[in-house]
Amino acid sequence: MWEFSLNFKSENADLAKYVYNILANYVASIDGVVTSNEENGHIFLLIAVKDKDKEKLKLILINAIIEIICTKFKSDFLNKMLVLPELDKASIYAFKKALLNFDKETDKFIIRKNLVLEKNLYVESFYHFKLRALQDKWEELVSLSNENKEYLISRESFIDLLKFLVDNLDICEDEISIVKEKDGYRIFSDECEFTKNLISEDSMVSSVIDLSPQKINLYFSETSNAINLLEKIFEERITINQNSLQNIKKFKLN
């Protein structure tokens with residue numbers, strides 16, 4: 001049997017739950033065991049699987065840890081270190097989301113290179129002590145923004161920088177469609193709905209940045225600060241479609 005303990009500080013219980021949920025079904029399907037235990041300010045995920053399943057499980061764990069550090073830890077870092085001029089919520093969310101996803105593949109490479117799964121791993125300690133180079137990389141990105149804070153007061157300059165960041169993100173989706181409803185927006189691909197709940201106007205642009213699509217179909221023609229921002233940073237990727245959503249079979253809103 002291969003046994004491993006993945007450990008989080010209790011304050012990060014949501015991250016422990018996230019990993020537990022990823023592991024639970026797979027580990028059960030291979031007759032392994034995963035349990036969660038909290039003591040002395042830490043949550044311990046204890047995992048045991050047969051040796052023949054070890055490498056597959058390691059890969060799942062590595063991908064989960066990378067995702068946590070590239071999203072939650074980097075988001076916390078940006079919120080703590082980033083200094084922005086006064087902007088509307090949609091612009092702030094969009095800018096932070098662009099920074100969060102900027103050069104993400106390199107972030108993943110640095111984490112993967114330093115990540116060794118032996119008997120146990122304390123996630124916060126790994127982040128603070130083994131990933132100093134990653135934090136230095138993020139700090140350079142934040143410093144560049146902070147040093148140009150006055151430059152970003154200009155709306156045109158801000159959009160130019162945001163567009164540069166967005167244009168340099170890896171494409172994650174070929175095509176998405178955005179539908180406006182009474183109380184918010186929904187985002188779809190050809191095969192699924194990305195948003196289980198309605199997205200507010202303030203968070204709509206950042207949600208699109210997260211998906212980094214090649215093509216964006218808008219099924220509405222209303223304008224607002226957020227829509228104008230979306231159109232300016234994605235420009236030629238956007239198509240405004242006047243067809244009624246009722247005629248588009250690929251969307252299932254019920």
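The values are calculated or read from the model by the stated rules, or taken from the named source; none is laboratory data. The model shown is predicted, which means the values in this text are computed figures rather than measured ones. Here Cβ is always computed from backbone atoms with ideal geometry, including for glycine, and neighbour counts include all displayed protein chains. What goes into the accessible areas is simple: the full protein's heavy atoms, side chains included, and nothing from ligands, DNA or RNA. Shrake-Rupley method; radii C 1.70, N 1.55, O 1.52, S 1.80 Å.
For segment 21-71, which trypsin sites (Lys or Arg not before Pro) pass both filters: DSSP loop (anything but H, G, I, E, B) and at most 14 other C-beta atoms within 10 Å?
Loop-located and lightly packed - Lys50.
Given that compact globular proteins tend to follow 2.2 N^0.38 Å, what is the ratio of the alpha-carbon Rg of segment 112-196 to that value?
1.64
Would you mind telling me the antiparallel percentage of the DSSP bridges in the chain, rounded to 5?
65
Mind grabbing the accessible area of Asp202 for me, 1.4 Å probe, Å², rounded to tens?
Counting only protein heavy atoms, Asp202 exposes about 60 Å² to solvent.
Could you compute the net charge surrounding Ser206? Neighbours are other residues with a C-beta less than 10 Å from the C-beta of Ser206; K and R count +1, D and E count -1.
+1
Can you list the lysines whose alpha carbon is less than 25 Å from that of Lys89, not counting same-chain residues fewer than 8 positions off?
Within reach: Lys72, Lys74, Lys80, Lys97, Lys104, Lys149, Lys163, Lys180, Lys182, Lys196, Lys215, Lys232.
Positive end of the charge dipole of the chain (Lys, Arg +1 and Asp, Glu -1 on Cβ, about the Cα centre): tell me which of Gln214, Ser224, Tyr20 has its Cα farthest that way.
Final value for the positive-end residue is Tyr20.
Please list, in chain and number order, the residues 5+ apart from Asn217 or on another chain whose amide H is under 5 Å from its amide H, with Hs placed from the backbone.
The list, which skips near neighbours in sequence, is Ile176, Ser177, Ile178, Thr239.
Could you give each residue of segment 197-207 its phi-based ³J(HN,Hα) in whole Hz, using Karplus coefficients 6.51, -1.76, 1.60 with θ = phi - 60°, and x for Gly or Pro?
10, 5, 9, 6, 4, 4, 9, 5, 5, 5, 5
Per residue of segment 102-107, what does 6.51 cos²θ - 1.76 cosθ + 1.60 with θ = phi - 60° give for ³J(HN,Hα)? Whole Hz please, x for Gly and Pro, Karplus curve as stated.
For segment 102-107, the Karplus curve yields 5, 6, 5, 5, 5, 4 Hz.
How long is segment 27-125 along each principal axis, judged by its Cα atoms, biggest number first, in Å?
54, 32, 24
Specify the angular offset, from 0 to 90 degrees and rounded to the nearest 10, of the alpha carbon long axis of helix 89-101 from the longest principal axis of the alpha carbons in the chain.
It is inclined by approximately 50 degrees.
Treating only the Cβ of Lys, Arg, Asp and Glu as charged (+1, +1, -1, -1), what charge dipole size does segment 1-133 show about its Cα centre? Round to the nearest 20 debye.
Using only the charged Cβ atoms, the result is roughly 380 debye.
Modelled label-to-label distance, Asp174 and Lys9, 7 Å Cα→beta-carbon offset: nm?
Calculated label separation equals 4.4 nm.
List the residues whose amide H sits under 5 Å from the amide H of Trp2, counting only those 5 or more places along or on another chain, with H placed 1.01 Å from N in the peptide plane.
The answer is Val49, Lys50, Asp51.
Can you list the HN-Hα couplings for segment 147-155, worked out from phi with the Karplus curve (6.51, -1.76, 1.60; θ = phi - 60°), rounded to whole Hz and with x for Gly and Pro?
Result, rounded to whole Hz: 5, 10, 4, 5, 5, 6, 4, 5, 4.
Where does helix 225-234 land angle-wise versus the long Cα axis of the chain, in degrees 0 to 90, nearest 10?
80
Nothing charged except the Cβ atoms of Lys and Arg (+1) and of Asp and Glu (-1): what's the magnitude of the dipole of segment 136-239 about its Cα centre? Round to the nearest 20 debye.
In debye, rounded to 20, segment 136-239 gives about 320.
Only helical DSSP H runs with n ≥ 4 go in: add -39500 (n - 2.57) per run for the chain, normalise by residue count and round the 222 nm mean residue ellipticity to 500 deg cm²/dmol.
-14000 deg cm²/dmol
Just want the answer: with Cβ charges of +1 for Lys and Arg and -1 for Asp and Glu, which residue in Leu115, Ile92, Leu134 is farthest toward the dipole's positive end in the chain?
So the residue furthest toward the plus end is Leu115.
If you take the charge dipole of segment 47-206 about its Cα centre, with +1 on Lys and Arg Cβ and -1 on Asp and Glu Cβ, which of Ser203, Thr71, Phe188 is farthest toward its positive end?
In segment 47-206, that residue is Thr71.
Normalised radius of gyration for the chain, please: alpha carbon Rg relative to 2.2 N^0.38 Å, two decimal places.
The value comes to 1.16.
Provide His128, His42 ordered by accessible surface of protein heavy atoms (probe 1.4 Å), highest first.
I get His128, His42, largest accessible area first.
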